[in-house]
Amino acid sequence: YNIEETTSLGLSEQGLTGEIPPQIGDLINLTSIHLSLNDISGEIPSEIGNLTNLRYLYLQNNQLTGEIPSSIGNLTNLIYLFLDENQLSGSIPSSIGNLINVTNLRLNDNSLSGEIPPEIGSLINLNTLCLQNNQLSGEIPESICEVFPLFFGFSISNNNLCPSYPDCGSGPITSEEQQNTSECIDCPDSIEGDTNYDGYVNILDIVLVGNCILLDNCDECSDLNYDDSVDVLDIVIMINIVLEL
């Protein structure tokens, strides 16, 4: 029997241990993988992105670690993607937005961090999204409202997501009570570049940002170009604002 012609790999609840071998990427005819409820560890191999015929990927309830490989975005025929109840970390890759046929996406109960990628709004067939019990942070992208009306299963609670929360038609999709907002910074409304909030943009603001860069203790309110870093580029923006006054 030629294993490379296999279309279904069903080994759930078999007490499997060890790692998923990269050779799984050679099984290019697979349409379904069922490896849930085992003790599989290690990272999801990037070679899984070779399985472009895959429609069902069930890896939930294992001990998987590391990041979700960006190659997951190659699996454009996926309908169900279950990676929940593992120990996955890192950010949700932006390539997840390529999975336009996925209807059920479960990433809950991991240690995922970083922001929810705005590409989530490209998942036009998504009806179930489970992201609860992670360490996701930042603001929820407004693009989620592009697909939110389609949801009959949605959970995003118990993360570190900051307000304000998108209102997709029936009120905010989460609340501060459902999130850990202790690390969230509420930047006061002020003139752009007015980092000391005295109503003016001048040399004092430039000095303040320069000092926080040197001390490596800047907050996101000084990130004027919204690149998730406060550096000399933000100072250049402030200098230009002062010169234009």
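Out of curiosity, is residue 97 touching a helix residue (DSSP H, G or I) at 6+ places or on another chain (Cβ under 8 Å) and either free of Cβ contacts under 8 Å to residues at least 24 places away in the same chain or among the small types (Gly, Ala, Ser) (or both)?
Numbers: touching a helix residue (DSSP H, G or I) at 6+ places or on another chain (Cβ under 8 Å): yes; either free of Cβ contacts under 8 Å to residues at least 24 places away in the same chain or among the small types (Gly, Ala, Ser) (or both): yes.
So residue 97 fits the description; yes.
Quick check on residue 29: is it open to solvent by 40 Å² or more (accessible area, probe 1.4 Å) and either assigned to a loop (DSSP other than H, G, I, E, B) or not aliphatic (A, V, I, L, M) (or both)? So residue 29 fits the description; yes.
Taking region 171-198 as the range and being more than 20 Å from residue 139 (Cα to Cα) and open to solvent by less than 70 Å² (accessible area, probe 1.4 Å) as the test, the residues that pass are 193, 194, 195, 196, 198. One residue alone among 89, 111, 143 is without any contact (Cβ under 8 Å) to a residue 40 or more places away in the chain, within 23 Å of residue 170 (Cβ to Cβ) and under 15 Å from the mean Cα position of the chain (by Cα), and that residue is 143. Only one of (1) closer than 28 Å to residue 66 by Cα; (2) crowded, with 17+ Cβ neighbours inside 10 Å; (3) in contact with a helix residue (DSSP H, G or I) (Cβ under 7 Å, 6 or more places away or on another chain) fails for residue 206. Which number is that? Result: residue 206 fails condition (1) only. Scanning region 210-229 for residues that are open to solvent by less than 90 Å² (accessible area, probe 1.4 Å) and closer than 25 Å to residue 164 by Cα turns up 218, 219, 221, 222, 223, 224, 225, 227, 229. So which pairs qualify, if the first residue must be in region 44-72 and within 16 Å of residue 92 (Cα to Cα) and touching a residue at least 12 places away in the same chain (Cβ under 8 Å), the second must be assigned to a strand (DSSP E or B) and among the small types (Gly, Ala, Ser), the Cβ gap must be under 8 Å, and the two must be at least 6 apart or on different chains? Every condition considered, the pairs that remain are 64/41; 64/42; 65/41; 65/42; 65/89; 66/42; 66/89; 67/89. Residue 157 - would you say it is open to solvent by 70 Å² or more (accessible area, probe 1.4 Å), part of a loop (DSSP other than H, G, I, E, B) and small (Gly, Ala, Ser)? Against the criterion (open to solvent by 70 Å² or more (accessible area, probe 1.4 Å), part of a loop (DSSP other than H, G, I, E, B) and small (Gly, Ala, Ser)), residue 157 does not qualify.
Considering 201, 242, the condition of being assigned to a helix (DSSP H, G or I), of a type outside the set (Asp, Glu), more than 30 Å from residue 130 (Cβ to Cβ) and open to solvent by less than 90 Å² (accessible area, probe 1.4 Å) is satisfied by 242 alone.
The values are calculated or read from the model by the stated rules, or taken from the named source; none is laboratory data. Quick caveat: nothing in here was measured; it's all calculated off a predicted structure. We place every Cβ from the backbone using ideal geometry, glycine too, and count neighbours over all the protein chains shown. Please note that ligands, DNA and RNA were not included when accessible areas were found on the heavy atoms of the full protein model with its side chains. Shrake-Rupley method; radii C 1.70, N 1.55, O 1.52, S 1.80 Å.
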